[in-house]
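The values are calculated or read from the model by the stated rules, or taken from the named source; none is laboratory data. These numbers come from a predicted model, not from an experiment. A quick note on method: Cβ atoms are made from the backbone with ideal geometry, for glycine too, and the neighbour counts reach across all protein chains shown.
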Amino acid sequence: MADFPSSSDRPKTARVAVVAAGIVSPLGFGLEATLRSLRDAKDCVTPVTAFPVDRCRCKTAGQVANGPLAEANQFTPRPERLHRVARMMILAMKEALDQAGDFQPELTVVGTTSGGMTFGEQYYRGLTANGGSTAHAPTLIANYTPQKPVMDAQEAFGIGAPCQIIANACASGTNAIGHAFNCVRSRRYQRVLTGGYDAISELVFVGFDSLQAATPERCRPFDRERTGLVLGEGAAILALENFESAQKRGATILAEIIGYGISTDNFHLTQPDPSGIGPRQAMEGALKSAGIKTSEIDYINAHGTATPFNDASEGKAIAELFNGVPVSSTKGMMGHSLGAAGAVEAIFSLLALQHQILPPNLNFREGDAGVNLNIVANEAKTAAVRTVLSNSFGFGGTNASIVMRSVPA
């Protein structure tokens, strides 16, 4: 029989510091632009320009401006091969690495759902247009896979760390951060890059529209008149490090991740369990992992897609667990960026901690009857924010939450 060490012999878990972050989203390029948009409650949902939407119910999305993405071209010798989302990843990673100082990652963990889907669309159209010929295909196939944008970003900055991709529906970004958190907390790794990315593609857009999950109106998270989501896109990177290691090398510690929880309710392929048990178990798991009480949470960045069933389930779980904690979904500002959402919203949560603000929940008028939520309605607010919970929930009943805390200077 194997001789397992007793609990007293096992190494103690490490604290996990966030030492840098970078972001590209419809709210802007970089942390400063993102903070301005959050403070200004900027509505960044606009008419779709990437492909025709005349036959779709929904005609809007949160889109990243193409012009500034060209800055990424200078970091690679073959920019013509880059997928558009690889450029997002390069710029987000550059911002994080510029802050991180002497940060040598041992692992990279990134969440996504679509990968290089638009290259897949181009491949299919080229295949049908050329009578089955694949002569056009090598570059598209080589840059289609979900790990390729991450590898492109790593190669741009000389990073040779192994890359892990988490594809777990709309919880992918939060699960990637949670997995990276566990890797550092367990002391298996000292430094890990983590985050998420996704870019709007026609296939995914039309798919959500066909499900009638997307709205032809405004995205109204938690509003009783909500009619569905709008899609978004973006990329976000966080640099996680063993807290003691970060202190020893004099790194600036932006915040500390202290908890991670995950659950699967298996209720339905696309609908959450209406009882809210899945979101509730994920949040309870994150609080237990963090070793804190519900009363210690100062703000919840909700998943809040503005679909009737999702918001009802999550709202019920939040109302049952928490008493009056401020809640907002930032998807009203930029749409649902799928695999990137958890990482993008983790950075929104980080900015809330750093700048003592509550990000706004746009287009909110009145909540569901009988669900008592303290929604940060329509404009950002200042508040004492020390501990934040960020939620991501996806198709198939996959649920993930992380807890982040500020660190005194």
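Give me the residue from segment 394-409 that is at pLDDT 95 or above and not small (Gly, Ala, Ser) and, out of that set, surrounded by the most Cβ atoms within 10 Å (Cβ to Cβ).
So in segment 394-409, the residues at pLDDT 95 or above come out as 399-406.
This time we only want the ones that are not small (Gly, Ala, Ser), so: 399, 402-405.
Working: ASN399: 34, ILE402: 30, VAL403: 26, MET404: 28, ARG405: 19.
Looking at the filtered set, the residue picked out is ASN399.
Within segment 364-371, is even one residue aromatic (Phe, Trp, Tyr), at pLDDT 95 or above and either buried (at least 17 other Cβ atoms within 10 Å of the Cβ) or not in a strand (DSSP E or B) (or both)? Break it down into steps so the answer makes sense when it comes.
Going residue by residue through segment 364-371, those that are aromatic (Phe, Trp, Tyr) are 364.
Restricting the remaining residues to those that are at pLDDT 95 or above gives 364.
From what is left, the residues that are either buried (at least 17 other Cβ atoms within 10 Å of the Cβ) or not in a strand (DSSP E or B) (or both) are 364.
There is at least one residue in segment 364-371 that is aromatic (Phe, Trp, Tyr), at pLDDT 95 or above and either buried (at least 17 other Cβ atoms within 10 Å of the Cβ) or not in a strand (DSSP E or B) (or both).
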Discussion item. Against the conditions (1) surrounded by 20 or more Cβ atoms within 10 Å (Cβ to Cβ); (2) of a type in the set (D, E, K, R); (3) within 13 Å of LEU38 (Cβ to Cβ), where does LYS316 fall short? Just the number, please.
Written reply: (3)
Item to complete: Hey, can you tell me all the residues within segment 58-97 that are acidic (Asp, Glu) and touching a residue at least 12 places away in the same chain (Cβ under 8 Å)?
Response: GLU71, GLU95
Item to complete: Among the numbered conditions (1) surrounded by 21 or more Cβ atoms within 10 Å (Cβ to Cβ); (2) of a type outside the set (A, V, I, L, M, F, W, C); (3) within 27 Å of ALA17 (Cβ to Cβ); (4) touching a Gly at 6+ places or on another chain (Cβ under 9 Å), tell me where ARG185 comes up short.
Response: (4)
Practice prompt. Restrict the check to segment 343-359 and report whether at least one residue is surrounded by fewer than 24 Cβ atoms within 10 Å (Cβ to Cβ), acidic (Asp, Glu) and not in a strand (DSSP E or B).
Written response: no
Worksheet item: So is ASN182 within 20 Å of the chain's Cα centre (by Cα) and either farther than 24 Å from ALA14 by Cβ or not β-branched (Val, Ile, Thr) (or both) or not?
Response: yes
Discussion item. The conditions are (1) buried (at least 24 other Cβ atoms within 10 Å of the Cβ); (2) under 24 Å from ALA400 (Cα atoms); (3) in contact with a helix residue (DSSP H, G or I) (Cβ under 8 Å, 6 or more places away or on another chain), and ALA169 fails exactly one of them. Which is it?
Written reply: (1)
Response to the item:
Of the listed residues (ARG57, ARG87), the one being of a type outside the set (A, V, I, L, M) and out of contact with any Pro (no Cβ under 6 Å at 6 or more places or on another chain) is ARG87
Worksheet, complete the sentence: Only unsatisfied item for SER245, checking (1) among the hydroxyl-bearing types (Ser, Thr, Tyr); (2) more than 17 Å from ASN182 (Cβ to Cβ); (3) modelled with pLDDT of 95 or more, is (2)
Item to complete: Working only within segment 115-140, note down all residues that are buried (at least 16 other Cβ atoms within 10 Å of the Cβ) and either assigned to a loop (DSSP other than H, G, I, E, B) or touching a residue at least 40 places away in the same chain (Cβ under 8 Å) (or both).
Response: GLY115, GLY116, MET117, THR118, GLY120, GLU121, ALA137
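A quick yes/no check of all residues on (1) at pLDDT below 95; (2) not charged (D, E, K, R):
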| residue | (1), (2) |
| --- | --- |
| ALA199 | no, yes |
| VAL206 | no, yes |
| GLU241 | no, no |
| PRO274 | yes, yes |
Discussion item. If I go through segment 232-259 residue by residue, how many of them are buried (at least 24 other Cβ atoms within 10 Å of the Cβ) and in a loop (DSSP other than H, G, I, E, B)?
Written reply: 2
Worksheet, complete the sentence: Here the qualifying pairs (Cβ atoms under 6 Å; residues six or more apart or on different chains; first in segment 141-155 and within 22 Å of TYR124 (Cβ to Cβ); second assigned to a helix (DSSP H, G or I) and at pLDDT below 95) come out as ASN143/ARG81; ASN143/PHE119; TYR144/PHE119; TYR144/GLY120
Discussion item. On the basis of being within 20 Å of GLY304 (Cβ to Cβ), in contact with a helix residue (DSSP H, G or I) (Cβ under 6 Å, 6 or more places away or on another chain), touching a residue at least 40 places away in the same chain (Cβ under 8 Å) and part of a loop (DSSP other than H, G, I, E, B), does PRO216 make the cut?
Written reply: no
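Go over the candidates VAL192, VAL206 one by one and state the one that is β-branched (Val, Ile, Thr) and surrounded by fewer than 18 Cβ atoms within 10 Å (Cβ to Cβ).
Numbers: VAL192 fails: surrounded by fewer than 18 Cβ atoms within 10 Å (Cβ to Cβ).
Matching residue, one of VAL192, VAL206: VAL206.
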Item to complete: Give the residue, chosen from TYR144, TYR197, that is more than 16 Å from the chain's Cα centre (by Cα) and aromatic (Phe, Trp, Tyr).
Response: TYR144
Practice prompt. Give the number of residues within segment 188-213 that are out of contact with any strand residue (DSSP E or B) (no Cβ under 7 Å at 6 or more places or on another chain) and not in a helix (DSSP H, G or I).
Written response: 6
